[in-house]
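Let me begin by presenting the structure, written as structure tokens, before commenting on it.
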Amino acid sequence: MDGIALYRDNGLMSASLEQRRHLATAIPGPRSIELMARKLAAVAQGVGTTLPVFAVEAGGGIVKDVDGNSLIDLGSGIAVTTVGNSAPRVVDAVREQVEAFTHTCFMVTPYEGYVAVAEALNRLTPGDHDKRSALFNSGAEAVENAIKVARAWTKKQAVVTFDHAYHGRTNLTMAMTAKSMPYKSGFGPFAPEVYRAPMSYPYRDAAFSKEGAVDGELAAHRAINVIEKQVGAGNLAAVVIEPIQGEGGFIVPADGFLPAIAAWCTANGVVFIADEVQTGFARTGAMFACHHEGVVPDLIVTAKGIAGGLPLSAVTGRAEMMDAAHISGLGGTYGGNPIACAAALATIETIETDGLVERAREIGGLMLDTLHRMQADDDRIGDVRGRGAMIAVELVRSGTDEPDADLAKAVATAAHQAGVIVLTCGTYGNVLRFLPPLSISDALLTEGLDVVATALTGTRA
Ligand code: PLZ
């Protein structure tokens, strides 16, 4: 059996953790309830919880909780455990590294793992130009560093991001993120020189212009017009965009939108930055989402799926731009930690050797089929969209395009109670998103989607 067939039939890790949904107690069970009481007493309430169960073990397509419940994982810890939780190669690499050394600080005494990760990123990211990479800890930190590089290279300051964008929770990335609640409200003042342009959002643009909804170049023209009039290329260091918006609602821009924005940036001396924190590393059925439209970003920001669950992020880009930051201008104590780098190398090897880009495409096909069938029977599914293993449904009030956040919440909660981890997102909070680990079997994935379908039908009663 080839690599993918093994994944399809059994999921990865099937030997050590039974790949079966099983409810031993109600969700949450008594031990989770106890732990939740401790959490409330010890952890700041600002740190929220999607599912009130505490995890003890995870792998393949399953997350097991403290009460012995086994849940189907359609969230991957927000698009992180793409190769699966505790993926075998990652576990071995981490174990070996943790026994050798845990930290020296790459800026003090460097080590090979960091360099090898940079080489892999330079090889795998779009474009065959000369590249350099720098490693950090979180997605937000990498986004901030991409802006530092763009400003150092262009000697300009302004940054453009888009409606529905999400780039993080630090001060600069809060300014770049669109949605106020819960990300920004009350936490200002925000970093200056951040401007917002209109996104191509086919499903919602259709309300204004049927043509504009499907014509990416037209939507890009609208955005470029705003950028030229409200900012001006002469002031603009960078345009930052998620090729498929994540937290904003899995918004796939109309074909031609990304290439047109990228081309405008190139023609105007503006650095084009792709934030592939959520879309990167095989998630969308390509190693990076930019590949789908042949877009070559100047800088690409990666994190999440890069290291199988260990905290690591990166900025990769044109050598001349990356090297515009002066010596010691970039860094941080933990950036490119050796354990995280070992995990990243094992993750990349797993994606490449086991054919996980292809597996993401298969998973996408299966999800789209199922969700389109659900949509045919239920006009509250306004839109089904996404690529690869990054698929969502946008829920609306029957017969309208009015967002229905209550419905999304009700369906997610019912799915949770039935033992399926599913996440919501979207500017309007009305999107159910599916981000299964690529280590899930077809059977578990199908069962998970069935549970969601039953949860949706149940809300009609
Ligand atoms: N850029 C495109 O999706 C993180 C956020 C979860 P960090 N998305 C999940 C939450 O509610 O905090 C994300 C992203 C894109 C940047 C980030 C930020 O990555 O690793 O969370 O800092």
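A short reminder: the numbers here are calculations on the coordinates, not readings from a lab. Just so it is clear, the structure is predicted and the values come from calculations on it, not from any experiment. Positions of Cβ are generated from backbone atoms using ideal geometry, with glycine treated the same way; all protein chains shown enter the neighbour counts.
Residue-wise HN-Hα couplings along the stretch 313-325, as the Karplus relation 6.51 cos²θ - 1.76 cosθ + 1.60 with θ = phi - 60° gives them from phi, are 8, 8, 10, 10, x, 3, 3, 5, 6, 4, 7, 6, 6 Hz; Gly and Pro carry x. Modelled spin-label separation between D406 and C105, with each label point placed 7 Å from Cα along the Cα-to-Cβ direction: 5.5 nm.
Taking the alpha carbon gyration tensor of the stretch 317-461, multiplying each eigenvalue by 5 and rooting it gives semi-axes of 37, 20, 15 Å, largest first. Across the stretch 109-134, the residues whose backbone nitrogen lies under 11 Å from the label position 7 Å along the beta-carbon direction of D323 are 130-132. The Cα center of the stretch 361-377 and the Cα center of the stretch 32-65 differ in position by 30 Å.
Close amide-amide hydrogen proximity is noted between V271 and A238, V239, each under 5 Å apart and 5 or more residues distant or on a separate chain (H modeled in the peptide plane; Pro and chain starts excluded). A compact globular protein would have a Cα radius of gyration near 2.2 N^0.38 Å; the ratio found for the chain is 0.95.
The C-alpha atoms of the stretch 90-353 occupy a region whose extents along the principal axes are 59, 40, 37 Å, arranged from largest to smallest. The simple spin-label model puts a point 7 Å past each Cα toward its Cβ; for S180 and T49 those points are separated by 2.9 nm.
Phi angles across the stretch 273-284 convert, under the Karplus curve 6.51 cos²θ - 1.76 cosθ + 1.60 with θ = phi - 60°, into 3J(HN,Hα) values of 10, 9, 8, 9, 4, 8, 8, x, 6, 6, 3, 8 Hz, Gly and Pro given as x. In order along the stretch 360-372, the Karplus-derived 3J(HN,Hα) couplings, from 6.51 cos²θ - 1.76 cosθ + 1.60 at θ = phi - 60°, round to 4, 5, 4, 4, x, x, 4, 5, 4, 4, 4, 6, 5 Hz, and Gly and Pro are given as x. For D383, the residues 5 or more places off, or on other chains, whose built amide H falls under 5 Å of its own are E394. Placing a pseudo-label 7 Å from each Cα along the Cα-to-Cβ vector at H291 and A207 gives an inter-label distance of 3.6 nm. Against the empirical 2.2 N^0.38 Å (N residues), the stretch 86-140 has a Cα radius of gyration ratio of 1.33. For the stretch 134-219, the set of chymotrypsin sites (Phe, Trp or Tyr not before Pro) satisfying both a DSSP loop assignment and a count of at most 15 other C-beta atoms within 10 Å is given as F187, F190, F208. Between N171 and A461, what FRET efficiency comes out of the Förster formula 1/(1 + (r/R0)^6) with R0 = 56 Å and r the beta carbon distance, rounded to 0.05? Once the sixth-power term is evaluated, E becomes 0.75.
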